[in-house]
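The values are calculated or read from the model by the stated rules, or taken from the named source; none is laboratory data. A quick note: this is a predicted structure, and the numbers were derived from the prediction, not measured. Cβ: placed from backbone, ideal geometry, glycine included. Neighbour counts: every protein chain shown.
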Amino acid sequence: MTPYRWFFKRWKADVRYQYRVCRTVVDWTVALYLVVPGLFLLIERYVAWWNGEAVWMEEIPPFLLWAVAFLFSWWGAFRLYLEPADQLFLLQRSDWMKKYNRTGLWFGWGKRSLESLAFLGLAAPFFKHEIGFSWLSWIGIWLFLWQAKACLSLVRRMLAGMDRILLKGMMSGLTLVLAGALFVCVGSSGHPFGFYAGAAALAGCWSLLVRLRNHQKGTILTEIDYEQAQRMRWAALLLETSGVVHRRFWVKKRPLLFRHSNPIFRRRTASHIVAEAVIKSFLRSGHQLVPYGQFIAVCAFALLVTSMGLRWGCWILFSFLFSLWGRSFWREWRSANGMLHVWSQAGFQAHRAYRKAVFVLQQIGFLPLSAFLGAVTFGPWGMILMVPAGWALSYVIVFLFFRLEA
């Protein structure tokens, strides 16, 4: 097997592994209720912005757009797909390993061209307001983004191989500041000559970085650790989010809401007590509160940028999604508390606690979202009137979920 074929065999294996990780998250329900509506909303907004609805970009300084473009160029790992056993090949067949590394470097360089082209295509409506529609400028921007992303990703990989943590942090910060300033200056000028000159200079830097990387020695172990961390980054994020791995999140000792009141419901029935336990478990869990708050922010942004007709459809869709979130947490809590199954066999009606808990969990996020929709659409009075409207819609949606669960 040649180094060329060996590299692409590992690349295909990594693609299959990342695909399996994504499949554990995006099943048919997530695709139906999140991915498909999200793509539909993105296409609708993209067409509207391309046709001229993104005139609000004229009020934003141009350097902010180029700062976002620089963050895109900075983000991303440069993979060579090294494995722990490669240190044996490095010692025994160094020439063969150099060919493998060279293949990976040029493959990563070409891959950055496609990533830059995709980013430029998505951000095209915003760049159109800044530089107009000139093929000479567009090709120059693409080349400039391509070479900047290739150089920055390789520099970050080389910095990751440094042993001294303090020195590595200082070098990374210095590179981020200087490269960001130069990138934004070239982009804000808006002249095609600046894009082509910058791309040519970065291409020369890329050649120099490749030469330095090929002569780099004594970093095989740190690079293997880097590869393993990058390979597992999405799987690790999934494990942390699902609660299997606890590292940065927290469990609050007292609820974020209702912190000074012991009972939530006035009537002290068995179903109310179980529902309170579910609600307070949710409000104590950082694994739930952090993504729940992020989802509220994403939904609010979607309501802000969509048109009037589509906005109401999104509002109804978000009611379903918040109910799905509450139902998912109920099922997780129920599976973690085996006594609930014992109580159900003794005559406890768990469906009443389910209905109460899911309704309250849905209201925590959906009522503020309804108020936000009323404020954006109708003003202050709309914000007040949309709260009872959101409550009524939530009641109907949770009732439908209750009927399906029963």
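Just so you know, in segment 1-24 the residues that are surrounded by 13 or more Cβ atoms within 10 Å (Cβ to Cβ) and within 17 Å of the chain's Cα centre (by Cα) include one that is nearest to Phe322 (Cα to Cα), and it is Val21.
Among the residues of segment 111-130, is any of a type in the set (Lys, Arg) and farther than 22 Å from Gln230 by Cα? Yes, that holds for at least one residue. Residues in segment 293-316 that are aliphatic (A, V, I, L, M) and farther than 17 Å from Ile43 by Cα: Ile296, Ala297, Ala300, Ile316. Total residues in segment 77-103 satisfying the condition of being within 21 Å of Leu212 (Cβ to Cβ) and at pLDDT 85 or above: the figure is 11. Of the residues in segment 270-292, none is part of a helix (DSSP H, G or I), at pLDDT below 70 and within 30 Å of Glu44 (Cβ to Cβ).
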